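All remarks here apply to the structure that follows.
The values are calculated or read from the model by the stated rules, or taken from the named source; none is laboratory data. Only a predicted model underlies this, so the values are computations on that prediction, with no experimental measurement involved. Because the Cβ atoms are built from the backbone with ideal geometry, glycine has one as well, and the counts that use them run over all protein chains shown. What goes into the accessible areas is simple: the full protein's heavy atoms, side chains included, and nothing from ligands, DNA or RNA. Shrake-Rupley method; radii C 1.70, N 1.55, O 1.52, S 1.80 Å.
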Amino acid sequence: MDPNKKYRFDTDLAHFGEDQKHQGAVIPPIYQNSLFVFDTMESLLDNMYNNPGGPPHHYSRVSNPTLELLEKKVAHFEGGEACKVFAAGMTAVTMAIMSQVKSGDHVVTVDGIYGPAKVLLTSYLARFGVECTIVDGRDTQAIIDACKPNTKLIYLESPTSITFRLQDVPAVAQFARSRGIVTIIDSTYNTPIHMKPLDMGVDIVVHSLTKYYGGHSNATGGAIISSKKIIDNIIMNEVLMMGALLGPFQSWLFTQGSRTIKIRLKEHEKNANTIARWLEQQPQVKVVHHLGLESFAQREVFQSTMKGSSGLFSFETHSQDKAEVMEFCNRLKLFGRGISWGGFESLVVAQHVQPMDYAEPSWFIRLFIGMEDVEDLKEDISAALKAFK
Ligand SMILES: Cc1ncc(COP(=O)(O)O)c(C=O)c1O
């Protein structure tokens, strides 16, 4: 690559940040080191106290060249100034939130966010005097109305896990900016291919790299992308004290995944659209919650905030019989019964949840559509649907 030339997105996906020569190696090597030595004591001390995030790097609890390459790429794809990568998506979520709140602060979030993030905001942080209000995120005015003078943070996830509900991200970000409230969004579902929240005015983006960045279900990881000021602050506080960064080998795997993320995402999206359209015609199915469907309830918000959907959606059946729901899941042969998603393989998980506007809990069956042939997947689902009497 010519370091002085600005390339287009797809070229960047393949090559961005790889301007160092490593003896001609096409794939940059893994720096599997805990520490790095310096020529002089003065330069080590200067690095430790004035530039702990590197480069150059002095200690892998804080930074490492293999992580740095992935961080450069992820920051660039997201349109952010800087990035830090962590041992899991939840580590990134936790570090990002902890970096913004203190005792006495109030947080607003939306109904349906990823379970452990909800636990962190509503019960764990309550131990430290942080209060949280949950509202129906489809209603921007409800988010605005929930804000108080001490609201420090609005935490978003669009679409929400399991229920697939959207927020009007630019509208919320604009309001938050006008009030000096920080916004964080979990954009794992979207990836930077389908949404660029920083361009919409969001302050901090978090990702579970475990999902689409990885793409092969072989590592967990997370990323925070934001301004250099915010990331430097996280390095000087949360990272210095807690570490919890991604390991060099995992970083190397996610760098591999980042090169093919776009073509994989498009394939998942195409397959999921086909299956979701077919599934909503099946008599056992009450509703399919998939962003890519013409019938999707928030189609306008989807079209105005995202460039596409992806391989993940849920559906509810007319039958709410637990034994039948379990039997459906157990009959599937091509869908693994497992959490997580974003890899090459199809997955199913059933969850009994009660969205704020539901009178009672309902079974949401979430499918992740992998790289298998859609006709084989349809036949598999079709056979399993016979579990519903
Ligand atoms: C939307 C979303 N955010 C965050 C996470 C947490 O990521 P990790 O499992 O890498 O900690 C998940 C995991 O399933 C997720 O689905």
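Could you work out the relative contact order of the chain? I mean the mean sequence separation of Cα pairs under 8 Å and 6+ apart, divided by the number of residues, in percent.
RCO, the chain: 16 percent.
Relative to the longest principal axis of the C-alpha atoms of the chain, give the angle of the C-alpha long axis of helix 374-385, reported between 0 and 90° and rounded to the nearest 10°.
With both axes taken from Cα atoms, the answer is about 50 degrees.
Quick check: Cα centre of segment 362-389 to Cα centre of segment 285-328, how many Å?
Segment 362-389 and segment 285-328 have Cα centres separated by 13 Å.
How large is the accessible surface per residue of the chain, computed with a 1.4 Å probe and reported in Å² as a whole number?
Here the per-residue accessible area is 44 Å².
For the chain, what are Rg and Dmax over the alpha carbons, in angstrom?
Taking only Cα atoms of the chain, I get Rg and Dmax of 21.7, 75 Å.
Determine the share of segment 261-385's accessible area contributed by carbon and sulfur atoms, expressed in whole percent, with a 1.4 angstrom probe.
Exposed carbon and sulfur together represent 51 percent of the surface.
Using only Cα atoms, find the angle between the long axis of helix 169-179 and the longest principal axis of the chain, and express it within 0 to 90 degrees, rounded to the nearest 10.
50 degrees
Measuring from label point to label point, each 7 Å out along Cα→Cβ, what is the Met241 to Asp19 span in nm?
3.6 nm
Heavy atoms only, probe 1.4 angstrom, no DNA, RNA or ligands counted: give me Met95, Met242, Met326 ranked by accessible area, highest first.
So the residues, ranked largest to smallest area, are Met242, Met326, Met95.
Can you tell me the order of 146-159, 66-79, 113-126 when each peptide is scored by its average per-residue count of other Cβ atoms within 10 angstrom, highest first?
66-79, 146-159, 113-126
Ignoring ligands and nucleic acids, what accessible area does Lys228 show with a 1.4 Å probe (Å², nearest 10)?
Approximately 110 Å² of Lys228 is accessible to the 1.4 Å probe.
If I take every Cα pair under 8 Å that is 6 or more residues apart in segment 294-389, average their sequence separation and divide by the length, what percent do I get for the relative contact order?
32 percent
In terms of solvent-accessible area of protein heavy atoms at a 1.4 angstrom probe, what is the ranking of Val301, Val285, highest value first?
I get Val301, Val285, largest accessible area first.
Inverting the mean 1/r over all pairs of different Cα atoms, compute the Kirkwood radius of segment 236-350 and quote it in Å.
Evaluated over segment 236-350, this radius sits at 16.9 Å.
Given contacts defined as C-alpha pairs under 8 Å and at least six residues apart, what's the relative contact order of segment 25-69, whole-number percent?
Relative contact order of segment 25-69: 39 percent.
Count the lysine pairs in segment 16-258 whose Cα atoms lie under 15 Å apart, taking only pairs 8 or more positions apart in sequence or on different chains.
8
With label points built 7 Å along Cα→Cβ from the Cα atoms of Val287 and Arg179, find their separation and express it in nm.
With each label placed 7 Å out from Cα toward Cβ, I get 2.7 nm.
Once both axes come from the Cα atoms, what is the angle between helix 248-279 and the longest principal axis of the chain, in degrees from 0 to 90, rounded to 10?
Approximately 20 degrees, to the nearest ten.
As a test of the formula, what do you get for the chain when each DSSP H run with n ≥ 4 contributes -39,500 (n - 2.57) and the sum is divided by the residue count, at 222 nm and rounded to the nearest 500 deg cm²/dmol?
-10500 deg cm²/dmol
Starting from the Cα of Thr274, step 7 Å along the direction of its Cβ; do the same at Arg331; then give the gap between the two resulting points in nm.
2.3 nm
If I build a Gaussian network model for the chain, linking alpha-carbon pairs within less than 10 angstrom, which residue out of Arg138, Arg177, Arg366 has the largest mean-square fluctuation?
Arg177
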